[in-house]
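In what follows, a structure is listed as structure tokens, so that the remarks can point back to it.
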Amino acid sequence: MKYKVGIIGYGVMGKIRSQAIREIEKAVVVAISEPNADAVVDGIPNVSHDDIINNPDIDVVIVCTPNFLNKSLTIRALRANKHVFCEKPPAFTGADILEIQEAEAASGKKLMYGFNHRHHDSVMHIKKLIDSGEYGKVLWLRGRYGKSVTSDYFNQWRAKKELAGGGILMDQGIHMLDLFLYLSGDFDVVKAEVSNLYWHMDVEDNAFVILKESTTGKVASLHSTMSQWRHLFSLEIFLEKGYMVLNGLITSSMSYGEETLSIAKNRSTAPAATWKDEVVTKYVNNNSWRYEMDHFFDSITDDKAIAIGNSDDAYKLMRIIDKVYDQKDF
């Protein structure tokens, strides 16, 4: 049996999800809802949000809408007895997630969030190595995620707080924060400086975030920016017995450069590691969209809990974002 899917929001992300569903062949998209499109798109009927949510023949709803719609559409779809896959951000606040979790629990259906970076082959390899204990405990993490935007950004929904919920932190930085949590566990101390010094919008163009886990002393540092002027992705993880550095990320535009993972173990005497000690792997294929859809539909078929990108993950993440925005001074 192939699950019948309705996709609400058929822009870039909706089309990416649709393509991944075709590739894994475990479901079929039977309807989309996109206000800025023809009545039929890619051979799929274009109907209203309500038509998808209320259609008893649709098993799964995929939400790929502007941020402000994510919470309400997720809750409505769960209440309509649908499994739901929703793009990030899951909502605007931690309190929003608690509301969503009530609907999730009442429905008994699967809910997964699109934190796609977890599904990159490089990140999966990092996760496996950390969990193995071979490199010891994580001591600290540093993430930089930046891009350049142009003046037409002001005309987009992402530039409006009521539609986006926040700026570059909610857009890009949320992925890096999610990787911090996924790869090293939770944090309980959050310090931040959030600014809009260049673009002067009502959402931030830079976020500097320091996280700490009090019990172990583990620290993470994030800089998320839209004044990078050159797209950048860099994740560094230093552990007791070595390090893992991921630079670049495979995207459709390849504007973040090649996805390159460098790994080295410490030596017993200084210098603890040298450039020649590194094992460098370049990743040339982006399998993440397919892996992500596989995990979602396999969880439905096997009636297993969502292991990667569940609502508990979303709650931990949004609690940190709450604390960051509480420190915003503009």
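The values are calculated or read from the model by the stated rules, or taken from the named source; none is laboratory data. Everything numeric in this text was worked out from a predicted model, so none of it was measured. Here the Cβ is made from the backbone with ideal geometry for all residues, glycine too, and neighbour counts use every protein chain on show. Just the protein is used for accessible areas: all its heavy atoms, side chains included, with ligands, DNA and RNA removed. Shrake-Rupley method; radii C 1.70, N 1.55, O 1.52, S 1.80 Å.
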>> Loop only by DSSP, 15 or fewer other Cβ within 10 Å of the Cβ. Give me the chymotrypsin sites (Phe, Trp or Tyr not before Pro) in segment 145-223 that pass, ordered by residue number.
In response: 198
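Kindly give Rg over Rh for segment 113-156, based on alpha-carbon atoms, with the Kirkwood expression for the hydrodynamic radius.
Values: Rg = 16.4 Å, Rh = 13.8 Å.
Dividing the radius of gyration by the Kirkwood radius yields 1.19.
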> To the nearest 0.05, what FRET efficiency results for residue 161 and residue 282 with a Förster distance of 41 Å applied to their C-beta separation?
Replying inline: 0.60
>> At 1.4 Å probe size, what's the solvent-accessible area of residue 51? Round to the nearest 10 Å².
In response: 90 Å²
> By the scheme Lys and Arg +1, Asp and Glu -1, what is the net charge of all other residues having a beta-carbon under 9 Å from that of residue 327?
Replying inline: 0
>> Tell me the accessible surface of residue 144 in square angstrom (1.4 angstrom probe, heavy atoms of protein chains only), to the nearest ten.
In response: 100 Å²
> Between residue 193 and residue 4, what length comes free when the chain is fully extended (0.36 nm per residue of separation minus the Cα-Cα distance, one decimal in nm)?
Replying inline: 63.6 nm
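Give the shape of segment 180-292 as rounded, prolate or oblate, defined through the alpha-carbon gyration tensor: a ≥ b ≥ c are the square roots of its eigenvalues, a/c under 1.5 means rounded, and otherwise the shape is prolate if a/b is larger than b/c and oblate if not.
Values: a/c = 1.88, a/b = 1.20, b/c = 1.56.
Cα axes put segment 180-292 in the oblate bin.
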> Using only the Cα atoms of the chain, what do you get for the radius of gyration and for Dmax, in Å?
Replying inline: 20.1, 67
>> Out of the total accessible area of the chain (probe 1.4 Å, heavy atoms of protein only), what percent is carbon and sulfur?
In response: 51 percent
> At a Förster radius of 30 Å, what calculated FRET efficiency corresponds to the Cβ-Cβ distance of residue 19 and residue 215, to the nearest 0.05?
Replying inline: 0.10
> With each label point set 7 Å from Cα along the Cα-Cβ vector, what nm distance links residue 302 and residue 153?
Replying inline: 4.1 nm
>> Report, to one decimal in Å, the Kirkwood hydrodynamic radius for segment 59-189 based on all distinct Cα pairs.
In response: 16.6 Å
> Based on the Cβ-Cβ distance from residue 41 to residue 131, what FRET efficiency comes out when R0 is 30 Å, to the nearest 0.05?
Replying inline: 0.15
> So how do 115, 68 rank on accessible area, 1.4 Å probe, biggest first, that is with the largest at the start?
Replying inline: 68, 115
>> With a 1.4 Å probe and all protein chains left in place, how much accessible area per residue does segment 140-218 have, in Å²?
In response: 42 Å²
